[in-house]
Structures are given as C-alpha cells and as structure tokens.
Amino acid sequence: MSKKYFLRLYNLILGTYLRKGMLFLNKYLMTPGPVPVSTEVSLAGARALIGHRGREFSALFSGIETKLSRLLRSGGCTVIFPSSGTGALESLAVNFTGPGTKVISVSCGVFGDRFREITALTGAEMINVDVTPGEGVQPAVVADAVKANPGASVLLLTQNETATGVFNRLDEIIAALPKDNRPLVLADGVSSIGAMPCFPEAWGIDGLAFASQKGLLTPPGLGLVWLSKRGWDAVSKRKCPSYYFDLSRQKKDLEREAPENPYTPPVSLYFALDAALDAVLADGWLELRARAARAFAAGLEALGFTLLVKDAKFRSPGVTAFYHPSGATKEIEKNLKGLGIEPAGGQGELKDRLLRISHYHDVRWPEITLALGGLYAALGDENRKGSGDFMRAAFEAWEAK
Ligand SMILES: *Cc1c(COP(=O)(O)O)cnc(C)c1O
C-alpha cells in the first residue's frame, strides 16, 4: 500500500476522532501519564457521591479489592491513598526503612532516582546501583550487589522506567537473588500495573507501589500499595513515623468485615477506578499492549527514528522513547503538538533529546496510525525524505501478533 493511501486513511481517522469529541481541547493525549480516560470511566467518576462510612462504600471498596487481587493474581489487601504514585512510594519508604536500614537501590532512570531519594530521606543507608538510561537491569548485576551487601534488608526496583521506556523483568531479577536472607523487595509499579504483567506474590515482591493515572486508566489521584505476607510482618514490627501513610493503620480498617478507610477517601475516584479495572481485566488486554508497542516501534524505525531502548526484550509495552538522529527531536515535538497530538519530551539529562509516546491505554491499529501519521507530518521536509514505508512496517508487526 502506498504512503499516500495511508496518509488519507490517517486524515480520515483523525477526522473521526475529532467528530467523536475524543480529542480533548483538540489534543490527543499521548503522554505517559495521565492517559486518556474512557467515557465509561469518566461517567462512573461523575456519579452522585456516597458517604464513606456505610455499606454502599464498603461494597464498592470490597469490589475494587477483589478486582485488584485478580489483576495482581495475589492475595491480601491493597491500601489506597489519596495521593499520586509518589505518595505510594513514600509510604513504602517510611514503613520499611529508617535510620540505619541498609537499602540497595537499583536505578536506570529518573524514577528509580526518585524512589532512592525518597528512601534516603528516612535516614536509610543507601547502596546505589546505577544502570545506564535506556538499558534494562540485568539480574546478575542485582544479585551481585545483594551478595556483596549481606547486611542490606531492603532492595528497591523499578518495573517500568517511564523516563526511558525500559521494562525491567522483575521476575527474572528476583529469581536470580540468593535464596537465604534475601532482602525485602520493594518495587515501583507506578507506570506498569494495568498495562504490563506483574504478579507480586508469585514473583516474590514484598511491597508494590502503583497509581491510578497510567496503566490503570483512571484520572490521577490514587496511590496504591500492595504488600506480601513477609512485607506485612516487617511493617507490623516497626513504628511508622508517618500518621497518614502508616500502612498498618490502613490495614486494620481494610480488614474489617465491611472495609473502610481511616480518613476520607476520594470516593469519585474509587467509582472511576472500579469501572477502569473492568477494562484492564478484559481477556487479551496485556497482549494487546505488547502488540501495539511492537507495531509502533516498527513504524518509528521505518520513519527514521531511533529507539532509545536497543534491546527489544526491555522495551516497555506502555511507553516508547525515541529520537531523531538528525537532532531535530525538539522541533518534531513542537510540530506534533501543532497537529493536536500531545507527546512528552525527555526527562532529566534526556530532556531535550527524547520524545515519549504512551500506549498504556486502548491503543489499537487506528491510534497507531494516528501517532505514526502525525510523526510523519511532523518530521519536516528534509527528514521526511529519509523515511521509508512506515505504515507497512507497522502493519506487518501489528499482524505478526
Ligand atoms: C509517574 C511515575 C511516578 C510518579 O508518579 P506520580 O503519580 O506522578 O507521583 C513514579 N514512578 C514511575 C515509574 C512513574 O512512571
């Protein structure tokens, strides 16, 4: 199929989105959080408020807990804080670490650094392991750090490093750790849960922090924390210096016959999350994310972009980071925004050098053509000449399943 044909198709699809009002303020949001929220989720969040001390709220809360258990394939409860993902990370830090706790922190980007910084504030003694941004964390590197530091009781990992689009294989990393006296594994799953497989109980994660506005397809405002049995044992033995983020206090109210929240929960967001969980629990959802990521990556490369993550094994199913070798990345970002498509730039050191586009949400073939067609138009005359048959490349990857 010719490029011209695909461009016409692209315009048609863009027009359809505009007519359906799916472009928010004429913008198609492709930032890695917040992600576009479906009409079902928006409407659920607009329901009439209910009180948070009563049977109706308890039923809503229980339903969410059941769905989260299915999503994580893990038992026990998930604490839900009115906070963003950073609050959930902070709650792990203050409940598990304090002055003198030896913590191994593995970071491959901005968010790994943030988890480290939050934890260091508790007075913990940090042992830092840094992996080059754009590269995945190799299990042997973590295992070596753990063996070299037998006094470390906590290990910090990031499942999906949103700043670079690296998807770390937490299952493989944890499986490679020494079995005796293994540190408690605390994982940042803020941008992975919902869009990528994460089964903390089976994998051996002890504390998992996540949030509503990325893979969970809900508006921003909820920070969630799941703990293993070993994790709950550890926090119950410590005195948490935070009142609001004390996990044990939350668990007590959650485990009542009619679960409650110790403080006023953002009830509207609970309604929205409950509706959004149905979408991420649908059959084939995770496979669809991976498939969209592969198709998008193939199209990007044919357009002449370079993917930051070289090893396909570590490419995120939810967000892709890329740049143009001509050095025109910033200009392409500007052009793309001018077309009504909102990507994100880089973060930290990579600020002006990267473009990031998310596909956590319901991205299928139409959305892939929208993003790639938009990028083709945004390339500028010179760089456009160097682009190949990107729609064919993307479509072949899409069809390959
Ligand atoms: C977005 C993100 C965070 C921070 O979440 P906020 O909700 O913005 O506080 C932390 N870690 C990762 C991996 C993220 O993607």
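Each residue in the stretch 241-273 was checked for being among the hydrophobic types (A, V, I, L, M, F, W, C) and closer than 27 Å to A202 by Cα, and 4 of them qualify. Is one or more of the residues making up the stretch 260-273 modelled with pLDDT under 95 and charged (D, E, K, R)? Yes; the residues of the stretch 260-273 include at least one that is modelled with pLDDT under 95 and charged (D, E, K, R).
If you check V154, V131, V137 for being away from the ligand (no atom under 16 Å from the Cβ) and buried (at least 17 other Cβ atoms within 10 Å of the Cβ), only one passes: V154.
Checked against the criterion of being within 27 Å of the chain's Cα centre (by Cα), open to solvent by 50 Å² or more (accessible area, probe 1.4 Å) and among the charged types (D, E, K, R), the stretch 360-383 contains one or more residues that satisfy it.
Of all the criteria given as (1) open to solvent by 40 Å² or more (accessible area, probe 1.4 Å); (2) within 18 Å of the chain's Cα centre (by Cα); (3) of a type outside the set (D, E, K, R); (4) under 15 Å from P183 (Cα atoms), the one not satisfied by G100 is (2). Given the criteria within 16 Å of the ligand (Cβ to nearest atom), under 20 Å from Y360 (Cα atoms) and of a type in the set (A, V, I, L, M), does L281 qualify? Against the criterion (within 16 Å of the ligand (Cβ to nearest atom), under 20 Å from Y360 (Cα atoms) and of a type in the set (A, V, I, L, M)), L281 does not qualify. Scanning the stretch 105-121 for residues being in contact (Cβ under 8 Å) with a residue 60 or more places away in the chain and surrounded by fewer than 22 Cβ atoms within 10 Å (Cβ to Cβ) gives a total of 2.
Of the helices (runs of 4 or more DSSP H) lying entirely inside the stretch 267-339, those carrying at least 1 residues that are open to solvent by less than 60 Å² (accessible area, probe 1.4 Å) and under 30 Å from A44 (Cβ atoms) are 267-280, 285-303. Out of A163, A187, one residue alone is surrounded by 24 or more Cβ atoms within 10 Å (Cβ to Cβ), touching a Leu at 6+ places or on another chain (Cβ under 9 Å), closer than 16 Å to S105 by Cα and of a type outside the set (D, E). It is A187.
Read through the list (1) modelled with pLDDT under 95; (2) open to solvent by less than 20 Å² (accessible area, probe 1.4 Å); (3) not charged (D, E, K, R), then give the number of the only condition that Q347 fails. The number of the failed condition is (2). Taking every residue in the stretch 69-86 that is under 19 Å from P259 (Cα atoms) and free of Cβ contacts under 8 Å to residues at least 40 places away in the same chain and pairing it with any residue that is more than 12 Å from the ligand (Cβ to nearest atom) and polar (S, T, N, Q), at least 6 positions away or on another chain, the pairs with Cβ-Cβ distances below 8 Å are S69/T78.
Here S38 meets the list (1) at pLDDT 95 or above; (2) surrounded by 17 or more Cβ atoms within 10 Å (Cβ to Cβ) almost entirely, failing just condition (1).
Among residues that are farther than 26 Å from G45 by Cα, within 26 Å of the chain's Cα centre (by Cα) and basic (K, R), K239 is not included.
Considering only the stretch 140-149, I want to know if a residue exists there that is closer than 30 Å to L355 by Cβ, within 16 Å of the ligand (Cβ to nearest atom) and open to solvent by less than 10 Å² (accessible area, probe 1.4 Å). There is no residue in the stretch 140-149 that is closer than 30 Å to L355 by Cβ, within 16 Å of the ligand (Cβ to nearest atom) and open to solvent by less than 10 Å² (accessible area, probe 1.4 Å). Scanning the stretch 65-111 for residues that are within 12 Å of F245 (Cα to Cα) and more than 16 Å from the ligand (Cβ to nearest atom) returns N95, F96.
The values are calculated or read from the model by the stated rules, or taken from the named source; none is laboratory data. Treat the numbers as computed from the prediction; the structure is a model and nothing was measured. All Cβ positions, even for glycine, are placed from backbone atoms using ideal geometry, and neighbour counts span all protein chains on display. What goes into the accessible areas is simple: the full protein's heavy atoms, side chains included, and nothing from ligands, DNA or RNA. Shrake-Rupley method; radii C 1.70, N 1.55, O 1.52, S 1.80 Å.
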